[in-house]
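What follows draws every value from the coordinates through simple rules; no lab data is involved. Here the structure is a predicted model, which means the values were calculated and not measured. Cβ placement follows ideal geometry from the backbone for every residue including glycine, while neighbour counts extend to all protein chains displayed.
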Amino acid sequence: MEPEQCSRCRREAVARQPYSGRALCADHLVRDVESRARRTIRQQAGIRSGDRIGVLVGDGPYEGALLAFVVRQFASRRDVTLLALVPGEAVPAWLPEEVESAAVGPEEQEEAAARLGCTVLVLPVTLEERAAEILGTVLEGRPGALVTPVRSGRVRTVRPFEHVPGAELLLYLAALGSPGPGGEPSRPADPFAAFVADELATHTVDHPSAPFALVRLADSLAALVAGEPDRC
């Protein structure tokens, strides 16, 4: 049986997207992931001239994919600076030389970023993680939390990968050949959050567009509230 071909260039595919029906080679997967991530950043807080961008660095592959993406997109820009937020004191050996690093303690992510002078905090949240968070919020009886306007503060937060499945991020990192953490994606520590994630994953097998629908719904509600605050 011949290997599946890329829907765009006919080279051998490395990723199959059941929600779109496309198959992508390594090069087009990288382009697709980065295109979606850039669009998501623009739709959220955006990156502005003079920004100091804080990137959470952990021992999971999603953090490694996030750092690789941020370096590829912004390391060459002279009007922004990058800062890797490293839990503990040990700086990972795989951290790129062009990225400054700083140790952070058990404080909240936004607090650590603000203390270190960051204006933007980039979070390694995947499609499944964001969709499960939204579903869990509804199941807990807190749907209003989805449309609560985010208060402006010193640090803006962006989630570039919230429209990208975790499996594609693993393939993205492998396609880049970037060094990074070799760990496995972590599961939610909270039992309820783990239950929601498992139920959503089961439903997604037969309905691959379901996580996208949840994220788009939350985004649409948030945009509606932001544009029409009198309706809240």
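For residue 101, list long-range residues whose amide hydrogen, built 1.01 Å from N in the peptide plane, is under 5 Å from its own amide hydrogen.
It is 84, by chain and number.
For the chain, with only Lys/Arg (+1) and Asp/Glu (-1) charged at the beta-carbon, what is the dipole magnitude about the Cα centre, in debye rounded to 20?
Roughly 1000 debye for the chain.
Can you run phi through the Karplus equation (6.51, -1.76, 1.60; θ = phi - 60°) for the range 69-76 and list ³J(HN,Hα) in whole Hz, with x for Gly and Pro?
5, 4, 5, 5, 8, 10, 5, 7
What is the fewest-to-most order of 98, 34 by other Cβ atoms lying within 10 Å of their Cβ?
Lowest to highest Cβ neighbour count: 98, 34.
What ranking, highest mean first, results for peptides 17-28, 124-135 when packing means the other Cβ atoms within 10 Å averaged over each residue?
Going from most to least packed, we get 124-135, 17-28.
What is the spin-label model distance, in nm, from residue 22 to residue 206 if the labels are put 7 Å beyond Cα along the C-beta direction?
Here the modelled spin labels are 2.8 nm apart.
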